[in-house]
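Visitor: Supplied in C-alpha cells, the structure appears directly below.
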Amino acid sequence: IREQALSQANEDAYTADGKRVQVLANIGSPADVDAALQNGAEGVGLFRTEFLYLENDHWPTEEEQYQAYRKVLEAFADKPVVIRTLDIGGDKDLPYAKLPKEENPFLGHRAIRFCLANPDIFKTQLRALLRAGVHGDLWVMFPMVENLSEVRQAKSLLSECRQELELAGIEVAASIQIGIMIEVPAAAVNADQLAKEVDFMSIGTNDLTQYTLAADRGNELVAHLYDAAHPAVLRLVKKTCDAAHEAGIIAGMCGELAGDPKMTEILVGLGLHELSMSAGAIPEVKVSVRQVSSNEAHQLADEVLLAEDGDQVRAIAEKTNS
Ligand code: PEP
Ligand code: MG
C-alpha cells in the first residue's frame, strides 16, 4: 500500500467527485525541503522558523533569516510557502534571550505576544520575510493570535517594514498573503471577525487541543485527556471553516490531526481543502483524499460533531475507513 501511495504522491489530490484538496508539508528548516518535495508536497503549509533562533547563540540577523527563507521559497518556486513568524515562549526557551520564568508559560508571553512586545526582534524577521518574498510565493502567518488588535498591530508592523525597505531602495515582495493560526479557542470562536482582516487561516490542532481541553500537550499525566479528535475541538474546527468560507478566504489545517489519513474524510467534510503535515504522511493522506466523496464526507462530519468523545469519533472514522 505504501508503495502504491508513493507512486502517486507527486500527483495533485482530488476527491472522487473532483474537489481539489491541497496537501502540503510542515517543515522546520531548509534541510527538510528535499523530503517534502520527494513525498509530493504541493507547497509548505507551515514553516516553523524557531530553528533559526534555537540553533543560534544570538538573535539571528536579518541576513541569516533572509538566506534561510529564500532557500525554501526558491525550492518551491511558484508553489505556496507559509512561513510562520517566531513562536517562542511556552516550552521553548532561548538562553540568550533571558526570558523571565513564568508560572504558566503556555498561558503566558509566547509567540505573537512576545513579538509584539519586542518590535525590534519582530521587525528583523518581517524585513527578512519581505525581502525573501521576492523569490517565491510567500504567505506570512502569525501564531497564537487571540484577538483582532494583535492582527492589526502585526499587519501594521509589516507595512512599516515594507515602507522602510522601499525607502532604502531595497527590493521587497510585491504582494504577499497574510494569515493567522487558529490555535486558541477564542480565535476559533471569533473566527468570523478575524477572517475579515486576513487572507487565510490555518488551524493548529496541537495547541487548539491543549487549550480547549485544558490538557498540557506534553504532560503524560493528562495525556489520556489530550485528544485532537474530541468533538469540542472538531466543533471549533467547523466554526473556523464556516467563518473562512463566509469571508471567502482559505482555511487550512497544519496541526498533527491533518496528517492522520483516518481523519481525512472527516476533515474534508468539516470544510478543509488544505491540509499540511510532516512529509512522511503526505502520500497516504493523498490516497485518503482520492477515496472521499464530498456528500458522504459532509454527512460524516455532521455525525462526528454529535459524538460524545474522541473515541466515538474514531469509531465512526474507523467504520468508514474499513
Ligand atoms: C499547532 O499548535 O497545531 C501547530 C501546528 O503549531 P506548533 O505545533 O508549532 O505549536
Ligand atoms: Mg502551535
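The values are calculated or read from the model by the stated rules, or taken from the named source; none is laboratory data. Note that the coordinates shown come from a computational prediction; the quantities given were computed from them, not determined experimentally. Virtual Cβ from ideal backbone geometry, glycine too; neighbours counted across all protein chains shown.
Visitor: Looking at ASP242, ASP207, which is the one that is acidic (Asp, Glu), under 17 Å from the mean Cα position of the chain (by Cα) and at pLDDT 95 or above?
Guide: Of ASP242, ASP207, the one residue that is acidic (Asp, Glu), under 17 Å from the mean Cα position of the chain (by Cα) and at pLDDT 95 or above is ASP207.
Visitor: Of all the residues that make up the stretch 128-156, how many are over 14 Å from ARG113 (Cβ atoms) and either part of a helix (DSSP H, G or I) or among the β-branched types (Val, Ile, Thr) (or both)?
Guide: Matching residues across the stretch 128-156 total 13.
Visitor: Could you say whether any residue in the stretch 52-62 is among the hydroxyl-bearing types (Ser, Thr, Tyr), within 16 Å of ligand 1 (Cβ to nearest atom) and farther than 28 Å from HIS273 by Cα?
Guide: yes
Visitor: Another question, if that's okay. Exactly one of (1) touching a strand residue (DSSP E or B) at 6+ places or on another chain (Cβ under 9 Å); (2) surrounded by 18 or more Cβ atoms within 10 Å (Cβ to Cβ); (3) on the phi > 0 side of the Ramachandran plot is unmet by THR85. Its number?
Guide: (3)
Visitor: Residues of the stretch 187-224 being of a type in the set (A, V, I, L, M, F, W, C), part of a helix (DSSP H, G or I) and within 9 Å of ligand 1 (Cβ to nearest atom), which ones?
Guide: LEU208
Visitor: Do the conditions hold for ARG70, that is, is it in contact (Cβ under 8 Å) with a residue 60 or more places away in the chain, surrounded by 22 or more Cβ atoms within 10 Å (Cβ to Cβ), of a type in the set (D, E, K, R) and under 24 Å from ALA36 (Cβ atoms)?
Guide: no
Visitor: Taking the stretch 84-126 as the region of interest, how many residues are free of Cβ contacts under 8 Å to residues at least 24 places away in the same chain and either closer than 22 Å to LEU165 by Cα or aliphatic (A, V, I, L, M) (or both)?
Guide: 5
Visitor: Yes or no: the stretch 174-186 includes at least one residue that is in a helix (DSSP H, G or I) and within 16 Å of ligand 2 (Cβ to nearest atom).
Guide: Yes, the stretch 174-186 contains a residue that is in a helix (DSSP H, G or I) and within 16 Å of ligand 2 (Cβ to nearest atom).
Visitor: Take LEU165 and tell me if it is touching a residue at least 12 places away in the same chain (Cβ under 8 Å), farther than 28 Å from LEU213 by Cβ, assigned to a helix (DSSP H, G or I) and touching a Pro at 6+ places or on another chain (Cβ under 8 Å).
Guide: Against the criterion (touching a residue at least 12 places away in the same chain (Cβ under 8 Å), farther than 28 Å from LEU213 by Cβ, assigned to a helix (DSSP H, G or I) and touching a Pro at 6+ places or on another chain (Cβ under 8 Å)), LEU165 does not qualify.
Visitor: Suppose the filter is within 16 Å of ligand 2 (Cβ to nearest atom) and crowded, with 23+ Cβ neighbours inside 10 Å; does LEU257 pass it?
Guide: Yes; evaluated as a whole, the condition is true for this residue.
Visitor: Of everything in the stretch 214-250, what is within 25 Å of ALA279 (Cβ to Cβ), among the hydrophobic types (A, V, I, L, M, F, W, C) and within 16 Å of ligand 2 (Cβ to nearest atom)? Give them in sequence order.
Guide: Passing the criteria: ALA228, VAL233, VAL237.
Visitor: Okay, moving on. Is it fair to say GLY108 is within 16 Å of ligand 1 (Cβ to nearest atom) and under 23 Å from GLU64 (Cα atoms)?
Guide: The answer is no for GLY108.
Visitor: Any chance you could count how many residues in the stretch 292-311 are in contact (Cβ under 8 Å) with a residue 60 or more places away in the chain and either in contact with a Lys or Arg (Cβ under 9 Å, 6 or more places away or on another chain) or crowded, with 16+ Cβ neighbours inside 10 Å (or both)?
Guide: So the count comes out to 9.
Visitor: If you don't mind, there's one more thing I want to ask. Test each condition in (1) touching a residue at least 40 places away in the same chain (Cβ under 8 Å); (2) buried (at least 20 other Cβ atoms within 10 Å of the Cβ) for GLU246 and report the one that comes out false.
Guide: Single failed check for GLU246: (2).
Visitor: If you don't mind, another one. Here is a check on your reading of the model: is ALA315 among the aliphatic types (A, V, I, L, M) and in contact with a Leu (Cβ under 9 Å, 6 or more places away or on another chain)?
Guide: No.
Visitor: Can I ask one more? Residues in the stretch 3-58 that are within 21 Å of LEU138 (Cβ to Cβ) and among the hydroxyl-bearing types (Ser, Thr, Tyr): how many?
Guide: 3
Visitor: Starting from the stretch 196-221, take each residue that is among the basic types (Lys, Arg) and list its partners that are assigned to a helix (DSSP H, G or I) and away from ligand 2 (no atom under 13 Å from the Cβ), counting only C-beta distances under 8 angstrom and pairs at least six apart or across chains.
Guide: Final answer for the pair search is LYS196/ALA247.
Visitor: With GLY271, GLY280 as the choices, which residue is more than 16 Å from ligand 2 (Cβ to nearest atom), in contact with a Cys (Cβ under 9 Å, 6 or more places away or on another chain) and of a type outside the set (A, V, I, L, M)?
Guide: Matching residue, one of GLY271, GLY280: GLY271.
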